[in-house]
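These notes concern the structure reproduced below.
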Amino acid sequence: MFWYHEETKHSYDSVHRNPGQLDWEMQPIPYKIYPAGNYVKKVFNGDNIEENFLYHIGGLTAKKSYPGVEYFLRINPSAGALYPNELYFQVRSVEGVADGIYHYETHSSSMVLLQEITEKTGLEPYFGFGTAMKGYLFLVSALYYRSAWKYRDRAFRYCLLDAGHLLGSIEASALLKPHAVQMVYALEREKLNRMFGFEAREWFVSGALVAVPMADREVEPIEFELPYVDGTRIFRRYPMIEKVYRETEALHGCKRAFLPPKFSYTEERLRETIIARRSQRGFGGEAITKGQFNYIMEAISQPILSDCDEDVSVYVVINRVLDMPLGLYRDDTYLKYGDYSQQAGYLCLGQYSLAAQAAVTFFLTSKADNYQPLYQKAGVIGHRLYIASGYLGIGCSGIGAYYDDEVNIFLENDEMVLYALAIGK
Ligand SMILES: Cc1cc2nc3c(=O)[nH]c(=O)nc-3n(C[C@H](O)[C@H](O)[C@H](O)COP(=O)(O)O)c2cc1C
């Protein structure tokens with residue numbers, strides 16, 4: 001098993017020995033803001049189709065207030081609501097949006113022009129394209145300290161899962177256009193990280209393409225140097241995370257996935273689902289129907305267009321689905337029968353109100369090689385699970401905390417356990 005995954009496993013002992021006090025002095029901020037005055041900022045306007053598309057990827061949708069504290073939740077979920085990812089994008093030849101390279105400024109719900117492009121230059125070559133691409137090229141980064149502040153070395157896993165959710169969010173919003181989205185992992189990361197001025201505190205982990213090639217329009221790689229802009233307020237290095245990023249940025253033996261996914265939905269209801277999405281804080285132990293289960297399985301099993309498609313296994317614990325026997329299920333087959341709801345709750349660090357009270361609990365695992373793409377794929381699948389469940393009025397929650405080895409024993413496999421999720425009512 002990959003050393004980083006092995007070293008960041010939770011076990012009953014590690015969790016109870018190390019309850020993890022948070023140092024509030026060291027709390028990072030979850031926003032990156034390019035200094036006003038130096039950059040042109042355009043606040044998203046809901047009447048503009050393109051800006052509406054962008055808003056539906058990562059906009060703010062809820063405010064939480066506690067005495068002395070106020071924070072915002074977003075269209076995309078994030079482990080611990082720490083939001084370690086930032087989004088950047090190039091726009092070319094899209095009606096209603098000026099060409100350029102932008103930062104997605106979540107805090108003010110706007111796009112900030114970082115760099116102009118020309119007919120002959122752009123980011124395309126860093127994505128592996130020699131021709132101009134009409135549409136959007138997205139880049140997802142991770143500012144790992146935002147998550148490591150709480151989750152320490154395990155945070156790199158959450159940076160990747162959250163990045164996968166952001167890719168899934170791009171996919172969901174693009175369904176409103178409608179347009180297919182291709183995930184891109186083979187990026188010239190080192191060069192891009194340098195040009196964007198990240199200074200080893202932020203790194204690109206993936207890209208996504210909502211674009212089509214423009215025939216006979218060759219482009220050269222654009223060159224620029226952006227200044228470093230602080231996106232955390234405070235920072236501490238995590239050498240293990242630095243090491244795992246460096247070791248996993250080069251990809252090996254990637255398979256391309258060419259088949260586009262097919263989803264069944266109406267645009268208006270999908271739009272409402274995207275805006276209303278939240279993580280369920282506990283389930284009431286109600287069952288879902290087999291029809292609902294099948295719809296959700298169909299959505300999460302659709303192919304994901306990607307330049308590095310790694311195999312991720314989806315294990316399903318059926319706790320409460322009408323007309324379905326209880327048990328552990330994978331690929332339309334029961335691996336074992338029985339009521340495993342309490343066990344699922346225990347395995348997810350005792351989060352019984354989620355994993356035991358859920359109608360269905362999921363465990364995603366993989367034994368593939370390319371750690372960044374395979375982990376982000378688990379996040380994309382997780383995002384589809386949120387959206388497909390929400391579309392049917394069923395709740396969902398990601399669960400990043402579980403006892404890794406004990407999950408393996410339960411599943412009777414020895415793959416890396418990437419993510420757990422629960423759905424229900
Ligand atoms: C990768 C990931 C792991 C998560 N793990 C847990 C978890 O273990 N327990 C939990 O209650 N919520 C978990 N959540 C839900 C987050 O707490 C939630 O997304 C965040 O607070 C933002 O709220 P929202 O999803 O309602 O917008 C997880 C979410 C993600 C994306």
- Gly59 meets each of (1) out of contact with any strand residue (DSSP E or B) (no Cβ under 6 Å at 6 or more places or on another chain); (2) surrounded by fewer than 16 Cβ atoms within 10 Å (Cβ to Cβ) with one exception, condition (2)
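The rows are residues; the columns are (1) in a helix (DSSP H, G or I); (2) within 16 Å of the ligand (Cβ to nearest atom); (3) surrounded by fewer than 16 Cβ atoms within 10 Å (Cβ to Cβ).
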| position | (1), (2), (3) |
| --- | --- |
| Pro19 | no, yes, yes |
| Pro28 | no, yes, no |
| Tyr34 | no, no, no |
| Glu95 | no, no, yes |
- Query: How do the helices (runs of 4 or more DSSP H) wholly within segment 254-362 filter down when requiring 2 or more residues that are exposed (fewer than 15 other Cβ atoms within 10 Å of the Cβ) and without any contact (Cβ under 8 Å) to a residue 12 or more places away in the chain: which remain?
  - Reply: 267-276, 290-301
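Scan segment 409-424 for residues that are farther than 14 Å from Met297 by Cα and either in contact (Cβ under 8 Å) with a residue 12 or more places away in the chain or surrounded by 24 or more Cβ atoms within 10 Å (Cβ to Cβ) (or both) and report the count.
11
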- Just one of Asp311, Asp339 is of a type in the set (D, E, K, R) and in contact with a strand residue (DSSP E or B) (Cβ under 7 Å, 6 or more places away or on another chain); which is it? Asp311
- Query: What about Leu251, is it more than 16 Å from the ligand (Cβ to nearest atom) and under 30 Å from Gly395 (Cα atoms)?
  - Reply: no
- Message: Residue under question is Leu354, and the condition is that it be on the phi > 0 side of the Ramachandran plot, within 15 Å of the ligand (Cβ to nearest atom) and over 16 Å from the mean Cα position of the chain (by Cα); does it hold?
- Response: no
- Would you be able to tell me the number of residues in segment 234-249 that are within 20 Å of the chain's Cα centre (by Cα) and either part of a loop (DSSP other than H, G, I, E, B) or small (Gly, Ala, Ser) (or both)? 1
- When Tyr55 is run through (1) farther than 17 Å from Arg146 by Cβ; (2) aromatic (Phe, Trp, Tyr); (3) in a loop (DSSP other than H, G, I, E, B), the failure sits at (3)
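Go over the candidates Pro84, Pro77 one by one and state the one that is touching a helix residue (DSSP H, G or I) at 6+ places or on another chain (Cβ under 6 Å), over 26 Å from Gly197 (Cβ atoms) and modelled with pLDDT of 95 or more.
Only one candidate passes the filter, namely Pro77.
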- Message: It is to be established whether one or more residues within segment 171-187 are of a type in the set (S, T, N, Q) and within 16 Å of the ligand (Cβ to nearest atom).
- Response: yes
- Name the residues in segment 58-77 that are out of contact with any Ser or Thr (no Cβ under 8 Å at 6 or more places or on another chain) and either part of a loop (DSSP other than H, G, I, E, B) or more than 11 Å from the ligand (Cβ to nearest atom) (or both), would you? Lys63, Ser65, Tyr66, Pro67, Gly68, Val69, Glu70
- Item | Some residue of segment 45-53 being more than 14 Å from the ligand (Cβ to nearest atom), over 30 Å from Asp153 (Cβ atoms) and surrounded by 19 or more Cβ atoms within 10 Å (Cβ to Cβ) | yes
- Message: Can you tell me how many residues within segment 162-221 are closer than 23 Å to Glu310 by Cα and of a type in the set (Lys, Arg)?
- Response: 1
- Note on the structure: The residue from Gly207, Gly197, Gly231 that alone is in a strand (DSSP E or B) and assigned by TED's automatic domain parsing to the domain that holds Leu113 is Gly207
- Pairs where the first residue, in segment 377-406, is more than 10 Å from the ligand (Cβ to nearest atom) and the second is assigned to a strand (DSSP E or B) and of a type in the set (Ser, Thr, Tyr), C-beta under 9 Å, 6+ apart: Lys377/Ser306; Lys377/Ser366; Val380/Ser306; Ile381/Tyr419
- Query: Can you name the condition, by its number, that Gly390 falls short on among (1) more than 22 Å from the chain's Cα centre (by Cα); (2) not in a loop (DSSP other than H, G, I, E, B)?
  - Reply: (1)
- Note on the structure: Within segment 387-420, the count of residues that are of a type in the set (Ser, Thr, Tyr), under 25 Å from Ile57 (Cβ atoms) and touching a Leu at 6+ places or on another chain (Cβ under 8 Å) comes to 3
- Determine whether Arg278 is modelled with pLDDT of 95 or more and in contact with a helix residue (DSSP H, G or I) (Cβ under 8 Å, 6 or more places away or on another chain). no
- Task: Could you tell me whether segment 39-52 includes any residue that is in contact (Cβ under 8 Å) with a residue 24 or more places away in the chain, in a loop (DSSP other than H, G, I, E, B) and either assigned by TED's automatic domain parsing to the domain that holds Val112 or within 24 Å of Pro227 (Cα to Cα) (or both)?
- Result: yes
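The values are calculated or read from the model by the stated rules, or taken from the named source; none is laboratory data. What you are looking at is a predicted structure, and each value in this text was computed from that prediction instead of being measured. All Cβ positions, even for glycine, are placed from backbone atoms using ideal geometry, and neighbour counts span all protein chains on display.
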